[in-house]
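One structure is given here, and the rest of the page talks about it.
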Amino acid sequence: MGFTLGILYLVTYYLTPATIFGALAAYRIELILAVLVFFVSLPALMKSSTCKMPQSLALIGLAFAVVLSILVGVHWVGGAIQAFFDFIPNAFAFFLVCLHCNTKRRLQVLVAMLMFVCLFVIAHGYMAELHGFPAEMVRQSGFEGSPYLLAMRNNSGDWFYRLRGLGEIHDPNDFAQLMVSTIPLAFCFWRPKKPLLNFAIVLLPVAVLIFGVFLTHSRGALLALMAITVVAIRPRIGTLPSVILAGGLFTVAKVLHFAGGRDISVEAGSDRTSLWGQGLEVFKQHPLFGVGFGRLPDYTDVHLTAHNSIVVCAAELGMFGLYFWSLYLLPTVRDALVVASPEKVQDAVPPPQEEELYPAPTRKPEFLDKSEINRLGRIILLSLTGYLVASWFLSRSYVVTLFLLGGIVEVIFEMALRNGMVASRLKFSRAVLYAAILAISLVLIMYVMLRVLNVMH
């Protein structure tokens, strides 16, 4: 029950209640669904070790940071309560995955849900683009045509469409980030020596997803795809050849007008780096608790957010919030690296099953060997790589996708841990210390990078 409701909850998040429930959305079905999922998940939470993970403390700390950012930065109690309820449904995804998607089969269902969401939007958006709209309508101020398309001008002044999703993925860049994260996950369905099946359920959907990324014309997503390519093939051909290959693919993408006729260069990104600078200035003025959850656009010249997840988190939640964000990210990336490494995953023998006179009709615990754990680890590491590289150019600091990917990492790690295939998780004391170092390092990196980019301009 909890697993089914959890999947429905996530589908509703990505495709909006109106799309899933139609007229019933007016009755706040998504809120009712969230409450149901919460209470159904309580028994599983009591038996799980999820609350002992550093990420759980990090999410609790982030919730406090969200509240304090409004209380201190805005002095508004009602706004703090609203911000809390805006943040919690996103963080809830981590617990849903850890508690209910705790087998390979359930992880595959979760991935199938993400693929369905992406393919659903691609199909609707592409059909709308094929249908087209009269030029005089496109030129009208505020014209959007289809909820799945965004009309805008490129560097030559020509109009073009960008594919986008609904609700929280209504921005083309946000939807592209979701697809970039989903592409590696699709390979969890790969079956050795099953070429026709692999083509039908993996390669063909992945090709459509890449085409969907192209339709978004997202420059950040293109860089994320290049990063995934380098990380994926580096173990096979080496670092330098993989970088050269990725560079060749990048050149091909530019020739094919992947960005929709917009430049991909330092100069073309000057507007974005300007927002980074303004975000860091806001952080300098409000270093402890920030200016308030979701309020950074009120402090920039053009009333836009900073388009960098680190800057957004630091400016809106201050160092207090950035610390807990780092505390979530650090053990997540560490555990992903562990399960992806053949050297850090040991062979294991499934625990012996004791014979009983009257065996209970319970399901046998799932056992995955070292090669499968490593394969799943590499898949989620690639997905995280794509998400984080795209986040460098997006203001997606606390969205469902980040917490969902973190949950998948911990499910795979727990599978290996149960069978003695990996060492224990990072010690809590070390996680707390390393998160502080990471938070400070991220701010310093942004300052140095911004200085270098300003010199290059």
Residue pairs qualifying under the 7 Å Cβ cut-off, at least six apart or on distinct chains, with the first in region 152-173 being farther than 17 Å from residue 271 by Cβ and the second being in a loop (DSSP other than H, G, I, E, B) and charged (D, E, K, R), are 164/171; 170/164
Going by the conditions given, is residue 306 over 20 Å from residue 55 (Cβ atoms) and either surrounded by fewer than 19 Cβ atoms within 10 Å (Cβ to Cβ) or not assigned by TED's automatic domain parsing to the domain that holds residue 68 (or both)?
no
Pairing a residue in region 418-447 that is over 26 Å from residue 374 (Cβ atoms) with any residue that is among the polar types (S, T, N, Q), where Cβ atoms lie under 7 Å and the two sit 6 or more apart in sequence or on different chains, gives 435/326; 439/326; 442/326
Here the residues within region 241-255 that are aliphatic (A, V, I, L, M) and either outside the structural domain of residue 211 (by TED's automatic domain parsing) or touching a residue at least 12 places away in the same chain (Cβ under 8 Å) (or both) are 243, 245, 246, 249, 253
Per the filter on region 19-37, residues closer than 19 Å to residue 124 by Cβ and free of Cβ contacts under 8 Å to residues at least 40 places away in the same chain are 20, 21, 22, 25
Checking 417, 394 in turn, the sole residue that is modelled with pLDDT under 95 and assigned to a loop (DSSP other than H, G, I, E, B) turns out to be 394
Within region 60-102, the residues that are outside any helix (DSSP H, G or I) and not polar (S, T, N, Q) are 74, 75, 76, 101
The residue from 294, 279, 321 that alone is under 21 Å from residue 177 (Cα atoms) and assigned by TED's automatic domain parsing to the domain that holds residue 454 is 294
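The values are calculated or read from the model by the stated rules, or taken from the named source; none is laboratory data. Predicted model only: the values in this text are computed from it and were never measured. Glycine also receives a Cβ, built like all others from the backbone with ideal geometry; neighbour counts cover every protein chain displayed.
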